[in-house]
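Inspection log for the structure reproduced underneath, given as structure tokens.
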Amino acid sequence: MKLVRKDLEKDNAGQVTLIPEEPEDMWHTYNLLQVGDSLRASTIRKVQTESATGSVGSNRIRTTLTLCVETIDFDSQACQLRVKGTNIQENEYVKMGAYHTIELEPNRQFTLAKKQWDSVVLERIEQACDPAWSADVAAVVMQEGLAHVCLVTPSMTLTRAKVEVNIPRKRKGNCSQHDRALERFYEQVVQAIQRHINFEVVKCVLVASPGFVREQFCDYMFQQAIKTDNKLLLENRSKFLQVHSSSGHKYALKEALCDPAVTSRLSDTKAAGEVKALDDFYKMLQHEPDRAFYGLKHVEKANEAMAIDTLLISDELFRHQDVATRARYVKLVDSVRENMGTVRIFSSLHVSGEQLGQLTGVAAILRFPVAELSDQEDESSSEED
């Protein structure tokens with residue numbers, strides 16, 4: 001993402017002009033936009049024209065509109081963003097108050113104005129405009145007959161290809177059908193890797209599977225690469241890292257990212273940091289439940305006691321339509337930082353973010369035990385009785 005201009009007032013009102021450059025920047029833009037914001041961008045509008053003879057025709061005209069945002073629609077697979085709203089600035093082609101939909105896309109500039117830019121939104125702009133935060137991890141999660149080729153960016157896990165091949169069972173004295181099907185499966189996975197992984201950007205390719213599938217696949221892939229003199233795969237052989245996973249389904253990627261060999265290799269990526277934080281939370285929940293809270297009420301209670309060491313929060317919560325609810329989450333983040341705690345904002349499109357979402361989207365690892373909130377609630381309800 002490229003920051004063209006930033007004009008903020010003392011009260012944090014103002015506008016920012018940005019140019020999304022990568023598909024992932026569309027995800028960042030989606031998280032920046034809120035209902036009620038003002039969005040200015042170039043768009044195409046169908047305009048009716050009447051000639052001197054009275055005949056009516058229509059032309060598609062490129063014009064710049066400023067909309068008051070009403071609905072935001074994001075397609076995570078295509079990384080496309082559609083914003084619908086009413087026109088709030090006089091235009092020769094579009095009346096004031098007329099509805100229009102702007103499609104935001106990479107390499108097209110837009111200006112976003114807000115009445116209040118909070119710390120979470122400003123931090124996201126900072127991250128999006130930092131070139132170090134780009135997609136540098138790819139993963140192939142596989143089992144016999146099923147494979148997912150994914151890109152693990154700092155903000156999301158994108159499934160780029162799903163390969164499914166029916167593998168017949170080995171029969172006594174006749175394994176040829178099984179072996180042929182397996183070879184066909186491996187070949188399709190290799191093609192998917194070559195098609196979807198950009199080795200100029202990707203630092204590491206995880207190959208995860210149960211059993212010996214990953215070893216057999218890697219042996220096959222590099223033998224074929226030598227036979228066909230595939231320089232792309234041979235030159236990047238050192239980037240492939242084999243790890244264990246329980247299955248070939250996308251959710252098994254979290255286990256692969258937790259592997260100590262992987263975390264040391266990916267120590268500089270945000271994705272690994274999030275996975276480790278979630279893993280630490282689950283361990284704490286198991287061994288010291290008084291130091292692991294989840295749910296907004298419990299986490300706020302722990303924050304009042306200045307007990308939060310690490311706050312885990314999903315970016316989904318900051319897209320809440322209710323301004324007061326959103327402000328409550330922002331206040332929690334700011335307060336934890338003021339108390340010298342660490343805040344990790346998880347992407348809801350990331351495997352770790354999906355898991356955090358199942359825990360209400362907000363959790364905390366505490367510095368010291370805090371009495372359970374449920375116990376206090378029980379006491380207060382018994383007093384009322």
Condition first: within 17 Å of Val149 (Cβ to Cβ) and of a type in the set (Ser, Thr, Tyr). Now tell me which residues in region 207-261 satisfy that. Ser209, Tyr220, Ser245, Ser247, Tyr251
I'm trying to understand the selection: among the residues of region 303-356, which are within 27 Å of Ser76 (Cα to Cα), outside any helix (DSSP H, G or I) and acidic (Asp, Glu)? Asp322
Could you please find all residues in region 79-88 being assigned to a loop (DSSP other than H, G, I, E, B) and either more than 19 Å from Ile19 (Cβ to Cβ) or of a type in the set (Lys, Arg) (or both)? Ile88
Is it true that Ala78 is among the aliphatic types (A, V, I, L, M) and exposed (fewer than 11 other Cβ atoms within 10 Å of the Cβ)? yes
Of residues in region 327-341 being surrounded by 18 or more Cβ atoms within 10 Å (Cβ to Cβ) and either out of contact with any helix residue (DSSP H, G or I) (no Cβ under 9 Å at 6 or more places or on another chain) or of a type outside the set (A, V, I, L, M, F, W, C) (or both), the one nearest to Trp117 (Cα to Cα): Tyr329
Among residues belonging to region 36-52 that are in a strand (DSSP E or B) and under 31 Å from the mean Cα position of the chain (by Cα), point out the one that is surrounded by the most Cβ atoms within 10 Å (Cβ to Cβ). Leu39
In region 272-297, residues that are buried (at least 19 other Cβ atoms within 10 Å of the Cβ) and over 18 Å from Gly357 (Cβ atoms) total 3
Test Glu90 against the criterion of being open to solvent by 90 Å² or more (accessible area, probe 1.4 Å), among the charged types (D, E, K, R), closer than 24 Å to Leu317 by Cβ and out of contact with any helix residue (DSSP H, G or I) (no Cβ under 7 Å at 6 or more places or on another chain), and give yes or no. no
Yes or no: Ala364 modelled with pLDDT of 95 or more and over 19 Å from the mean Cα position of the chain (by Cα)? yes
Does any residue of region 89-103 turn out to be assigned to a strand (DSSP E or B), small (Gly, Ala, Ser), touching a Ser or Thr at 6+ places or on another chain (Cβ under 9 Å) and closer than 30 Å to Thr64 by Cβ? no
Show me the strands (runs of 3 or more DSSP E) entirely contained within region 113-207 in which 2 or more residues are modelled with pLDDT under 85 and within 17 Å of the chain's Cα centre (by Cα). 157-164
Considering every residue within region 134-141, establish whether at least one is open to solvent by less than 40 Å² (accessible area, probe 1.4 Å), touching a Pro at 6+ places or on another chain (Cβ under 8 Å), in contact (Cβ under 8 Å) with a residue 12 or more places away in the chain and closer than 30 Å to Gln216 by Cα. yes
Being open to solvent by 50 Å² or more (accessible area, probe 1.4 Å) and among the polar types (S, T, N, Q) is the filter here; which residues of region 13-35 pass it? Gln15
Test for Ser209: is it surrounded by 13 or more Cβ atoms within 10 Å (Cβ to Cβ), within 30 Å of Tyr282 (Cα to Cα) and touching an Asp or Glu at 6+ places or on another chain (Cβ under 7 Å): no
When Glu300 is run through (1) touching a Lys or Arg at 6+ places or on another chain (Cβ under 9 Å); (2) open to solvent by 80 Å² or more (accessible area, probe 1.4 Å); (3) in a helix (DSSP H, G or I), the failure sits at (2)
Filtering region 308-325 down to residues that are touching a residue at least 12 places away in the same chain (Cβ under 8 Å) and touching a helix residue (DSSP H, G or I) at 6+ places or on another chain (Cβ under 8 Å) yields Ile308, Thr310, Leu311, Leu312, Ile313, Ser314, Asp315, Glu316, Leu317, Phe318, Arg319
Could we say that Tyr220 is open to solvent by 10 Å² or more (accessible area, probe 1.4 Å), in the same structural domain as Ala139 (by the TED database) and modelled with pLDDT of 95 or more here? yes
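The values are calculated or read from the model by the stated rules, or taken from the named source; none is laboratory data. Fair warning: this is a prediction, and the values are worked out from it, not measured in the lab. Note that we place each Cβ from the backbone using ideal geometry, even for glycine, and neighbour counts take in every protein chain shown. Ligands, DNA and RNA are excluded from the accessible area calculation, which covers all protein heavy atoms including side chains. Shrake-Rupley method; radii C 1.70, N 1.55, O 1.52, S 1.80 Å.
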